[in-house]
Amino acid sequence: MVFYILFLVNFCKRIFYNIDIKTLYMAYTGGELNELNGKMGISAPKRSVPVMKLIKIHKPKSKDALVELIEYHKNNKCACGVVSTGTVKEFGERLFESQEKYWQKNKYTLGECIQWEYDLFVVQSLKGGFIEKNAISILKDRLSNMIVEEAKGYLDDVLRVDIIIFDLNKNIIGGIQVKPKTFKNMRPEVQLMQSKQNVKWGHPVWMLYYNRDDTFKNLNALIEYINNNKAVN
Ligand SMILES: [Zn+2]
């Protein structure tokens, strides 16, 4: 009997565990929700909140702190100048409500939509900083005879470059943008805007993508490319 109960408990645990993993995975890759969010512009910084800017200024230490920070910038006029048009929950509600217009029906529940925006604004945004630092340490190690630095200020805010590569005389070789794989599904206008600004900078900008498990998708290829092409620039 005891054995039977233990078996049942384990069985239920396993089911819950699987649901959790499935929900998390869906939240990250998004699939359809990613498409909906992008096409309807739900998370566009001007229509939601410039979350990376908020993180840089206020440096939240936890996910909860970031959720509160977003809410604070909706309800208060902060000296930093960042304004949020809503809370994470409200971004989720906007995603939920936009389904009707896009698909003529609701495919996902309100809970799933809020979870998806939470994952995008909170989980992925906080991950970004960690991933960026990890990329910098690997690049420093593997780009011999080059200087690798984190981009700061204007470059980062306007040109969207996260990392800058210099030669030993401090001439710029190029810049790197670190993005989650889902960036590829962004609205074409956003991508265009980014490439235009990059052209203005006058140096090549390369994309470094990371996967759900924090591994880099194209780091080796990128390192090889930069090592082979630095003479050209
Ligand atoms: Zn602020």
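The values are calculated or read from the model by the stated rules, or taken from the named source; none is laboratory data. Quick caveat, the model's predicted, so the values are computed rather than measured. A quick note on method: Cβ atoms are made from the backbone with ideal geometry, for glycine too, and the neighbour counts reach across all protein chains shown.
Does residue 120 qualify as being in contact (Cβ under 8 Å) with a residue 12 or more places away in the chain and under 28 Å from residue 40 (Cβ atoms)? Spelling it out, residue 120 is indeed in contact (Cβ under 8 Å) with a residue 12 or more places away in the chain and under 28 Å from residue 40 (Cβ atoms).
For the range 51-62: of the residues being among the charged types (D, E, K, R) and surrounded by 15 or more Cβ atoms within 10 Å (Cβ to Cβ), which is nearest to residue 91 (Cα to Cα)? Within the range 51-62, the match that is nearest to residue 91 (Cα to Cα) is 53. Return a yes/no flag: does the range 44-53 have any residue that is under 12 Å from residue 125 (Cβ atoms), of a type in the set (Ser, Thr, Tyr) and in contact with a Lys or Arg (Cβ under 9 Å, 6 or more places away or on another chain). Yes, there is a match, as at least one residue in the range 44-53 is under 12 Å from residue 125 (Cβ atoms), of a type in the set (Ser, Thr, Tyr) and in contact with a Lys or Arg (Cβ under 9 Å, 6 or more places away or on another chain). In the range 76-87 there is no residue matching the filter, namely being closer than 27 Å to residue 33 by Cα and not assigned by TED's automatic domain parsing to the domain that holds residue 46. Looking only at residues of the range 16-53 that are modelled with pLDDT under 85 and among the small types (Gly, Ala, Ser), we find that the one that is farthest from the ligand (Cβ to nearest atom) is 31. Only residues that are assigned to a helix (DSSP H, G or I), within 11 Å of the ligand (Cβ to nearest atom) and in contact with a helix residue (DSSP H, G or I) (Cβ under 7 Å, 6 or more places away or on another chain): list them for the range 54-88, please. Scanning the range 54-88 gives 54, 55, 58, 69, 70, 73.
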